[in-house]
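What follows is one structure encoded as structure tokens, with my remarks underneath.
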């Protein structure tokens, strides 16, 4: 196995003529929006090198797995998938298999050890090097290249060409890394310290996307609230609220979303920017994680339940018709039945529109993984089921309140279950299914006729 740095490979991108004209690639993405954005950029680089995307993995000349390591199940999926790929590569030995993303960043050598048929492993800080790595594999064989950190703001994924799945919608990275110390989270280890992107670069990309027909932008950062703390512009540091207003003012952009803010840092200025900027959607993802003050302290979250609820109330007071989603972890080490009851109480009080609920999974390298009081699986499952039942009931009640009203929806495409039905999304980020075929990227008005916990039904009226 070769080490890329030791072999003297260049650490910067240089212009090149396409080298793989007529070859095909397939990218499989695991994990969060950051990974999805990275995959778009990997696809853009491979396309620029003359390759074409194929939905059929078995026929691809190059397969890229962009991995996640937030939970143990993500690692299991990766190695299961790699096991299945071994048989494909045995049939087609010319296929190249690359593994990138967070699992690669954390366990690069382990990936090579457990799956020796992998050709290259690269981390989260050197996404831009994927074509160079392919060149190196062709010459020298399997290679692992893991950079400890992003070496320049020029290495931001957003600087790379993108191969987007949806021409009307795009991710825009405003910051990478994280300076928080949540005890359950591996992100600071695999994504590095927090680095903000320059305001002008963000706005320049948004303008370019708008000129290309994009009308919906989602701003990405591990903690968007702390955007700009490492920057200085004309003697002052830019703040996220100002960036939100500027992005929302770009001509052609009709919807702006962002993810994710941290409750300890969520301030009134951001809520005011949301309320006063027409294109910013009335949608907020505010991760709770737990409703127990004791568990929140053990998680190093920097807030308690009361403070979380007061921030949520502030946001709802300022932003009319705000739809709120959250993340909740069940079974964190040491969680008692009383702690879980506190979480249920906060969920009942907060009345989230949607909650992404997770069973705690120890991640090696995080402080929580070595904490005492790991909860037995059957207890975690019981608590998880009770939480999901409560949240589904709240979600249904929230969605039922929309029945009879009219929503602006953005068409995403035909329903996966029925091609005669379209799937669209409200400004509050709720999926709407309605009869008819409409071009993706079209804005329509739909009357909501029926509700379910996780979607709405409707009919197009204009």
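Quick check on the range 14-94: take the gyration tensor over C-alpha atoms, sort the square-rooted eigenvalues as a ≥ b ≥ c, and tell me if it's rounded (a/c under 1.5), prolate or oblate.
oblate
Can you give the angle from 0 to 90° between the axis of helix 130-140 and the longest principal axis of the chain, with both taken from C-alpha atoms, to the nearest 10?
Tilt relative to the chain: about 30 degrees.
Restricting to Cα pairs below 8 Å that are 6+ residues apart, what does the relative contact order work out to for the range 166-280? Please round to a whole percent.
It comes to 27 percent, rounded to a whole number.
Over all distinct Cα pairs, what is the inverse of the mean 1/r for the range 2-145, reported as the Kirkwood hydrodynamic radius in Å?
The Cα-based Kirkwood calculation yields 15.0 Å.
Could you list the square roots of 5 times each eigenvalue of the Cα gyration tensor of the range 302-454, that is, the equivalent ellipsoid semi-axes, sorted largest first and rounded to whole Å?
Over the Cα atoms of the range 302-454, the semi-axes work out to 35, 19, 14 Å.
Please report, in cubic angstrom per residue, the volume enclosed by the convex hull of the alpha-carbon atoms of the range 392-455.
75
Give me the angle, in degrees from 0 to 90, between the Cα long axis of helix 377-400 and the longest principal axis of the Cα atoms of the chain, rounded to the nearest 10.
The two axes meet at around 60 degrees.
In whole percent, what relative contact order does the range 306-462 give with Cα contacts below 8 Å and a gap of six or more residues?
Result for the range 306-462 is 19 percent.
I need to check one value: relative contact order of the chain, counting alpha carbon pairs closer than 8 Å and at least 6 residues apart, in percent.
Contact order relative to length: 10 percent.
What is the log10 of I(q)/I(0) for the chain, computed with the Debye formula using one identical point scatterer on each Cα and no solvent, at q = 0.06, 0.08, 0.09 Å⁻¹?
For the chain, the Cα-only Debye profile gives -0.27, -0.50, -0.64.
What order, most packed first, do the peptides 324-332, 44-52 have when packing is the mean number of other Cβ atoms within 10 Å of each residue?
So the peptides 324-332, 44-52, ranked by packing, come out 324-332, 44-52.
Let me know the whole percent of all Cα-Cα pairs from the range 166-280 that are separated by more than 21 Å.
Tail of the P(r) past 21 Å holds 36 percent of the pairs.
For helix 33-48, what angle does its Cα long axis make with the longest principal axis of the chain, in degrees from 0 to 90 and rounded to 10?
40
Quick note: the coordinates plus some simple rules give every number you see, no bench work behind them. Source: prediction; values computed, not measured. Cβ: placed from backbone, ideal geometry, glycine included. Neighbour counts: every protein chain shown.
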